[in-house]
Amino acid sequence: MHSNLTFQRRFRARRGQTLVEYALILALIVVVSAAILIQMGGTLHALYSTIDSQVARTATGS
């Protein structure tokens, strides 16, 4: 019975460890995504402005 309790404790510890690892991976993905968006901010703004002006021209028939 003692070995069964030890196994249960180890399983819970591993499950908690896995949760922490997934949280760290998710945090890394968020930080990298934010950095990429910040670096590409000007380019994306220019792209959306171009698309917006073309849509506006098409809508007005010019």
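Things to note:
- Full extension of the segment from residue 48 to residue 27, taken as 0.36 nm per residue of separation minus the current Cα-Cα distance, would add 4.8 nm.
- Simple spin-label estimate for residue 14 and residue 60 gives 6.6 nm between the two label positions (7 Å along the Cα-to-Cβ direction from each Cα).
None of the figures in this text is laboratory data; all of them are computed from the coordinates on show. Computed from a predicted structure; not experimentally measured. Using ideal geometry, Cβ is built from the backbone for each residue, glycine included, and neighbour counts are taken over all protein chains shown.
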